[in-house]
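Below is one structure, written out as structure tokens; comments come after it.
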Amino acid sequence: IVNLSKAHRKYLLLEWIALLGLLIAVTILYLPGLQGPFLFDDAPNIIDNAVLTAKKTSLLDWWSAAYSSEAGSLRRPLAMLSFALQIDEGKPESAMALKAGNLLIHCVCGCLLYFLVKNLVRAMGAGYSNVDCRWLPLISAALWTLNPLLLSTVLYPVQRMAQLSALFVLLGLMIYSSYRARWSLREFRVDEFAACALWLLLCTSLAMLSKENGVLLPWLV
């Protein structure tokens, strides 16, 4: 038992070190792109949005900034509020801060995917004892964070809407998979089912308030 415990701790430490190394590598690779300009839809949604960039002295000002976009049927207030929190009074002179915020969200999404896949691999039972299976979560996170298809999503500031939606969808899936794993080991409990349902409702709502395709979370579950 002691030897197994030591082996488990060893693999766990290696996994954490590898995940940290992946996040550092992703950050380094994206650094040159943070210098880029605003593009396309950034103009109407951010830099030319007088309500978003105006000085905010009351809750009403913040509320107005959150609902200052005409994009989507719900107007994506959570994403707009995140922009407002990063923009000083007046028009933003540089997109770097917003792109850096997108990069942080991208890394958080990679971590959530890592833990989601870890839950799924553990659901394979004895398969998780296989050394190769232990690295599947990290490989999955790497395929997400290093995928060139997501380059424009990270370095195109307004695409934070899609990023935040994906973040809450991944969070909801991770929470759901954690509860399912718990129920597979012991008796199902109604209070835990209610808690899981409330978490999924919250994550779906936050995802939809970032971008409407967050409504897909229940179907993905």
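Structure values in brief
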item: Residue in region 138-146 that is in a loop (DSSP other than H, G, I, E, B), open to solvent by 50 Å² or more (accessible area, probe 1.4 Å) and modelled with pLDDT of 95 or more present; result: yes
item: Counted residues, region 26-43 - those being in contact (Cβ under 8 Å) with a residue 12 or more places away in the chain and either in a loop (DSSP other than H, G, I, E, B) or open to solvent by 40 Å² or more (accessible area, probe 1.4 Å) (or both); result: 9
item: Region 76-90, residues that are surrounded by fewer than 16 Cβ atoms within 10 Å (Cβ to Cβ) and closer than 18 Å to residue 206 by Cα; result: 85
item: Breaking point among (1) within 20 Å of residue 29 (Cβ to Cβ); (2) without any contact (Cβ under 8 Å) to a residue 12 or more places away in the chain, for residue 145; result: (2)
item: Region 180-198 residues that are under 15 Å from residue 221 (Cβ atoms), paired with ones that are small (Gly, Ala, Ser) (beta carbon under 9 Å, 6 or more apart); result: 180/123; 181/123; 196/178
item: Segments classed as helices (runs of 4 or more DSSP H), wholly inside region 156-221, with at least 1 members that are surrounded by 19 or more Cβ atoms within 10 Å (Cβ to Cβ) and over 20 Å from the mean Cα position of the chain (by Cα); result: none
item: Single unsatisfied condition, residue 74 versus (1) among the aliphatic types (A, V, I, L, M); (2) in a helix (DSSP H, G or I); (3) modelled with pLDDT of 90 or more; result: (2)
item: Residue 73 vs. criteria exposed (fewer than 15 other Cβ atoms within 10 Å of the Cβ) and touching a residue at least 40 places away in the same chain (Cβ under 8 Å); result: yes
item: Residue count for region 31-69, restricted to those that are within 23 Å of the chain's Cα centre (by Cα) and acidic (Asp, Glu); result: 2
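The values are calculated or read from the model by the stated rules, or taken from the named source; none is laboratory data. None of the values given here were measured: they were computed from a predicted structure. All Cβ positions, even for glycine, are placed from backbone atoms using ideal geometry, and neighbour counts span all protein chains on display. Side chains included, ligands, DNA and RNA excluded: accessible areas come from the protein's heavy atoms. Shrake-Rupley method; radii C 1.70, N 1.55, O 1.52, S 1.80 Å.
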